[in-house]
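Student: I have a structure I would like to understand better, so I am pasting it below and will then ask my questions one at a time.
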Amino acid sequence: MNKLYATIGSGNCFKAHLAMNQLGIAYETVLIDVLKGETRGAEFLSVNPNGTVPFLRLADGRGIAESNAMIWYLAKGTYLFPKTSYEEAIAVQWMIYEQTHLEPNISPARFFTTIVPSRRAEMETQIAGWQEKGAIGLARLNEHLKHHDFISGVGYSIADIAVYGYTHVADEGGFDLDEYPAVLSWMNRVAATDGYIPMNELSLAA
């Protein structure tokens, strides 16, 4: 059976959970406490030398790091994979965009605003910077979604899972999602897909 090393509440980990739940792939969850430093411990580093979650250990023993690579592998040949070569290229484009313009800003802003609010005051300047850059990223996403029901085309795919991971909890990082109505409409479409499971219910997913 596949084994997913993950932290509940992580947008990147959520991507793998959601993809496997929607594809009906059996897996076991191994919870890793990032706040306690478990990703830096010898035991976990022996599993993933990169020291990051999520990490997917396949049933045959091989491993995959990086959330977007993980869901790409899992979805290949399924209804979640882009249908044409062009849609595949657009999926890659937006999966890269998510990791360079959205996640690097939404994730830390959310971390110090909601996950570890005790450090919010000391990180105020950095949070403001992340929010400014993240707002630019969300605006570009909103513009794209004004003209598309889903990220890479007319159908729901792993591109949507990748972008949704942190975007749907951006409000927890101080972003006003009401400023991005096309993003909100898209988020509702994603949440209505078959097999969708909310992030806060992931402990029941495996």
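Student: Does any residue of the stretch 83-96 turn out to be outside any helix (DSSP H, G or I) and touching a residue at least 60 places away in the same chain (Cβ under 8 Å)? Let's see the steps before the verdict.
Tutor: So in the stretch 83-96, the residues outside any helix (DSSP H, G or I) come out as 83-84.
Filter again for touching a residue at least 60 places away in the same chain (Cβ under 8 Å), leaving 83-84.
Within the stretch 83-96, one or more residues are outside any helix (DSSP H, G or I) and touching a residue at least 60 places away in the same chain (Cβ under 8 Å).
Student: For the stretch 40-73, name all the residues that are free of Cβ contacts under 8 Å to residues at least 60 places away in the same chain and of a type in the set (A, V, I, L, M).
Tutor: Of all residues in the stretch 40-73, those free of Cβ contacts under 8 Å to residues at least 60 places away in the same chain come to 40-66, 69-70, 73.
Result: A42, L45, V47, V53, L56, L58, A59, I64, A65, A69, M70.
Student: Go through the residues of the stretch 144-154 one by one and say whether even a single one is under 15 Å from the mean Cα position of the chain (by Cα) and either in a helix (DSSP H, G or I) or over 25 Å from G9 (Cβ atoms) (or both). Walk me through it before giving the result.
Tutor: Looking only at the stretch 144-154, we keep the residues that are under 15 Å from the mean Cα position of the chain (by Cα), and these are 151.
Subsequent filtering for residues that are either in a helix (DSSP H, G or I) or over 25 Å from G9 (Cβ atoms) (or both) retains none.
No, because not a single residue in the stretch 144-154 is under 15 Å from the mean Cα position of the chain (by Cα) and either in a helix (DSSP H, G or I) or over 25 Å from G9 (Cβ atoms) (or both).
Student: Criterion first (at pLDDT 95 or above and not assigned by TED's automatic domain parsing to the domain that holds H168) does W94 satisfy it? Break it down stepwise before answering.
Tutor: Details: at pLDDT 95 or above: yes; not assigned by TED's automatic domain parsing to the domain that holds H168: no.
No, not satisfied.
Student: Suppose we filter the stretch 1-57 for residues that are part of a strand (DSSP E or B) and either surrounded by 21 or more Cβ atoms within 10 Å (Cβ to Cβ) or touching a strand residue (DSSP E or B) at 6+ places or on another chain (Cβ under 6 Å) (or both); how many remain? Explain how you work it out, then say what you get.
Tutor: Here is the first cut: in the stretch 1-57, the ones part of a strand (DSSP E or B) are 2-6, 27-31, 55-57.
After this cut, where a residue has to be either surrounded by 21 or more Cβ atoms within 10 Å (Cβ to Cβ) or touching a strand residue (DSSP E or B) at 6+ places or on another chain (Cβ under 6 Å) (or both) as well, the list is 2-6, 27-30, 55-57.
So the answer is 12.
The values are calculated or read from the model by the stated rules, or taken from the named source; none is laboratory data. Just so it is clear, the structure is predicted and the values come from calculations on it, not from any experiment. Please note: Cβ atoms are built from the backbone with ideal geometry, for glycine as well, and neighbour counts cover all protein chains shown.
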